[in-house]
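Notes follow once the structure below has been shown.
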Amino acid sequence: MTDLNQAIRDIVGDKGFIAEPEQLIVYECDALTLEKKIPTAVVLPANRAEVIAIMQLCHAHQVPVIPRGAGTSLSGAVLAVEGGIVLCLSRMQQILMMDLPNQRALVEAGCVNAWVTRAAQEGGYYYAPDPSSQYACTLGGNVATNSGGPHTLKHGVTTNHVLGLELVLPDGEPLWLGVHPDEGEDHSGIDLRGAVIGSEGMFGVVTQVLVKLMPEPECYETLLVVFESVEQASRAVGAIIRDGIIPGALEMMDALITRAVEEAYQFGFPLDAGAILIVELDGDSLQTKLDSEQVQALCTKQGAREIRRAASAQERAELWKSRKRAFGAIGRISPNYLTQDGVVPRSKLPEIMHYITEVSSRYKLRICNVFHAGDGNIHPLVLFDERDADQTARAVQAGEAILERCLELGGSISGEHGIGVEKRSLMERQFSEHDLQAMKDLRSVFDPHGRCNPHKVFPTAKRCADFFIRKQAPA
């Protein structure tokens, strides 16, 4: 390993190589802080040529490589389960091309999501996928988990906005998939670009991404709708979609998270609300205003007690800033929280919310909810104190109980956070043995030796942390 370390240092320089234990701690986990493993070393390449050279070296030495971006992922997707090289692309953050006439941009994998919109705004364009962590998360990580966000209900998730990408295979061979930056938008043949998006870094390392830009809508109508209960708000969500209206965003926050956000940011959320909806419509002015009026009528019919309309661009921006900082507000009410990410059919939202309340009571833990209600993508936050081993175990059990119920209701164990190490054991609940084998076969085409981000997604007999040992559930 000493020879390999020196060879990598020769490529990236001393500033691009980390092996000191006190510095490696920074890379021991992602935003799933319950799972921690110290990598053997961390390498920070400055360009694609360095990535290629590093992958060639690691392949020759049979060393696992774990691709990493900003570390905002929520499922342990960048964990060095049994050591290896963490390849952190955060230094590769350039926007290489802003091609506004063709509505696209070429960016490096370490480019922060929000920077793309910021660069495109002067020309009247933006990048649609907007995870809550968009001011920190990077495009490479978005590709790895097929990230979504509040505004992907109408406009689609990452895979709908990536035209092409460069993938460096585990042996160091660079491969461009999808539309090339020098080509038009049409691409023939098998969509391997789509296969890589959502593969959680198990096929290779994404170095560059060609993204699609969208023109800024002519008009926004942003509504804050206050309800007495989550059930009323859930019924309103169904009513809006059934009426044929697809908002740009349709978000829900329950009472507990609403109070936490208001106490932290003082936006003006009503502290006594049972639930609130944030509904945003976009498009041409006439149709957007008509849709807004119809949404307000539907919400009133479902029991909305108050409807506020953002009166300015600044008020709209402040509302979304408060919503996207919701997770950060949890620090005011709990030392720790476990964020889950499941999906249910929209019609099942009232049922899953009732079940989450039951789980909260059963495991004696508070659970607050902030989620993408329009597409049934729930994000229950289980509150606990990790200094208490029993609370920690109950938090994990509560989260898994919610995901299992999502499956029973015809949903999925992940909408946008991926599987990582956190949800591997549940993959056998959602997929058949043949399904899982097909996934493994596809992975082996790109990474036959399984050295690129190993121990992720697929179920194994071994779990990474002691807290995953099952205890008898509370009565």
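Please treat every number below as a calculation from the coordinates, not as lab data. Here the structure is a predicted model, which means the values were calculated and not measured. In this analysis, Cβ positions are derived from the backbone assuming ideal geometry, glycine residues included, and neighbour counts consider all displayed protein chains.
How would you rank SER75, SER444, going from fewest to most other Cβ atoms within 10 Å of each one's own Cβ?
Values: SER75 26, SER444 13.
Least to most surrounded, the residues fall as SER444, SER75.
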Amide H partners (placed H, <5 Å) of GLY164, local residues excluded: VAL179, LEU210
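Determine, from the Cβ-Cβ distance of LEU100 and LYS289 and an R0 of 25 Å, the FRET efficiency 1/(1 + (r/R0)^6), rounded to the nearest 0.05. Please report the intermediate quantities before stating the final value.
Values: r = 28 Å, r/R0 = 1.12.
Working from the Cβ atoms, E equals 0.35.
Cβ neighbours within 10 Å, averaged per peptide: list 78-87, 382-391 in order, most packed at the top. Write out the running numbers ahead of the final one.
On the way: 78-87: 23.3, 382-391: 16.6.
With the highest mean Cβ count within 10 Å placed first, the list reads 78-87, 382-391.
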Using θ = phi - 60° and Karplus 6.51 cos²θ - 1.76 cosθ + 1.60, couplings along region 368-376 (whole Hz; Gly, Pro as x): 10, 10, 9, 7, 7, 5, x, 10, x
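Show that you can apply the helix-only estimate: for the chain, add -39,500 (n - 2.57) for every DSSP H stretch of four or more residues, divide by all residues, and state [θ] at 222 nm to the nearest 500. Can you show the working numbers first?
Numbers: 16 runs with 162 residues, N = 475.
It comes out at -10000 deg cm²/dmol, rounded to the nearest 500.
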Would you mind ranking ILE402, ILE197, ILE333 so that the residue whose beta carbon has the fewest other beta carbons within 10 Å leads the list? ILE333, ILE402, ILE197
For helix 389-408, report the angle its Cα long axis makes with the longest principal axis of the Cα atoms of the chain; keep it between 0 and 90° and round to the nearest 10°. 70
Please give the helix 48-60 orientation as an angle from the longest Cα principal axis of the chain, in degrees from 0 to 90, rounded to the nearest 10. 60
Using θ = phi - 60° and the Karplus curve 6.51 cos²θ - 1.76 cosθ + 1.60, what whole-Hz ³J(HN,Hα) does each residue of region 349-358 get, with Gly and Pro shown as x? 4, x, 5, 5, 5, 4, 5, 4, 4, 5
Between the helical axis of 313-324 and the dominant principal axis of the chain, each derived from Cα atoms, what acute angle in degrees is found, rounded to the nearest 10? 60
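Based only on Cα atoms, what mean projected area does the convex hull of the chain have, in nm²? Can you show the working numbers first?
Values: hull surface 89.4 nm².
Its Cα hull, projected and averaged over all orientations, spans 22.3 nm².
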Under 5 Å between amide H atoms, partner at least 5 residues away or on a different chain: which partners does MET97 have, H built in plane at 1.01 Å? LEU106
Straight-line reach from LYS15: which aspartates and glutamates have a Cα under 20 Å away, not including same-chain ones fewer than 8 places off? ASP3, GLU28, GLU50, GLU108
Cα-centred dipole magnitude for the chain, charges only on beta-carbon of K, R (+1) and D, E (-1), debye, nearest 20: 1020
Derived scalar couplings ³J(HN,Hα) [region 150-158; Karplus, 6.51 cos²θ - 1.76 cosθ + 1.60; whole Hz; x for Gly, Pro]: x, 9, 9, 4, 8, 9, x, 8, 3
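If you rank ASP435, ASP130, ASP282 by fewest surrounding Cβ atoms within 10 Å, what's the result? Walk me through the numbers before you get to the answer.
Numbers: ASP435 12, ASP130 23, ASP282 20.
Final ranking by Cβ density, sparse to dense: ASP435, ASP282, ASP130.
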